[in-house]
Amino acid sequence: MVKIFRLKHIISIKDFEREDVEYILDEASKLEDIAKSREISDELKGKILGLMFFEPSTRTRISFETAMKRLDGQCIGFTSSGSSSVSKGESIADTAKMFEGYSDALVIRHELEGVSKFISDVVDVPVINAGDGAGQHPTQTLLDLYTIKNEIGSIDNLRIALIGDLKFGRTVHSLSQALGLFDNVKIYLVSPPELRMPQEVLIDLNKTNVEYEEVTNIEDIIDDVDVLYVTRIQKERFADINDYLKIKGAYIINKKMLEGKDVIVMHPLPRVDEIDTDVDDTEFNKYFTQAANAVPVRMAILKTLIKNNPK
């Protein structure tokens, strides 16, 4: 196990090596009892986290706030562009520099790809990408990997189906690239033709040891996988509502299709109609556990980055 986490910022999962992922997962396992017991650690007492959420968020923002408070730190920030001085014409760089003066680390959510990387180049405190457009969502990927490891026992030798919106879904972009760090992994890319995984992500997969197969029918592969990782069709990413309506509900997971299968079901949430509620009370459902795992994983991220990079 690597003794020192190498990265100052968490911008893209492509910056990680396997040892970096394992470091965060190991730290998260040490903090899980604190998260579950609702206790407070003093690891980041007196530290302040700046939350710059230019795009709406529920789980990501609240879990970062919870993680920081469980470590006895505090949070400041805004929840949309309209509630910041960007709405008055202030540049993102100036907003970030102002937050740098108040905070020990910054968490950025923005609708455009590359904004987190840009901010990391203009500030000296750690920057965490909490989702940028259809690009990356690396901290979601870390909690996804944590969930898989806890539920299955290993990420090596995994068979996983990524289902739904693979074109715009930043969670599946990051997760598929992260799986390239592990051994003997096969990914089934399940989507309608209109929402295929972007070519640049496939190029990245071709450079790794990950085997992948593009399919359109869940039933063709459900007996061969350990994980169904389901994503919603993202209405907000479509310029034309009619294009969205044509493929809305293309894949719906229900209890009947899972019966007799040795598989877990994950979802980054929010869910619309792609997983029937009759799955919620079954042993297949791991998506609420996955959401809860955001707290210990983000606690591990904040503790590691802020302690490694004191102001």
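Checking region 149-159 against the condition returns no match, with no residue being part of a helix (DSSP H, G or I) and modelled with pLDDT under 95.
For region 171-203, taking the residues that are under 11 Å from T231 (Cα atoms) and touching a strand residue (DSSP E or B) at 6+ places or on another chain (Cβ under 6 Å), the one that is surrounded by the most Cβ atoms within 10 Å (Cβ to Cβ) is identified as V172.
Residues that are open to solvent by 100 Å² or more (accessible area, probe 1.4 Å), in contact with a Gly (Cβ under 8 Å, 6 or more places away or on another chain) and within 28 Å of D262 (Cα to Cα) within region 204-219 comprise just one, N209.
Only residues in region 1-22 that are farther than 21 Å from T171 by Cβ count as the first member; pair them with residues that are of a type in the set (S, T, N, Q) and surrounded by fewer than 19 Cβ atoms within 10 Å (Cβ to Cβ), Cβ under 8 angstrom, at least 6 apart or cross-chain, and list the lot. Hits for this filter: I4/N308; F5/N308; K8/N308; K8/N309.
Okay, residues lined up against (1) in contact with a Phe, Trp or Tyr (Cβ under 7 Å, 6 or more places away or on another chain); (2) at pLDDT 95 or above; (3) open to solvent by less than 10 Å² (accessible area, probe 1.4 Å):
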| residue | (1), (2), (3) |
| --- | --- |
| Y244 | yes, no, no |
| I247 | no, no, no |
| E259 | no, yes, no |
| N285 | no, yes, no |
| I306 | no, yes, yes |
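The values are calculated or read from the model by the stated rules, or taken from the named source; none is laboratory data. This one's a predicted model, so the numbers in the text were calculated from it and none came from an experiment. Backbone-built Cβ (ideal geometry, glycine too); neighbour counts: all protein chains shown. Surface areas here come from the heavy atoms of the whole protein model, side chains and all, with no ligands, DNA or RNA. Shrake-Rupley method; radii C 1.70, N 1.55, O 1.52, S 1.80 Å.
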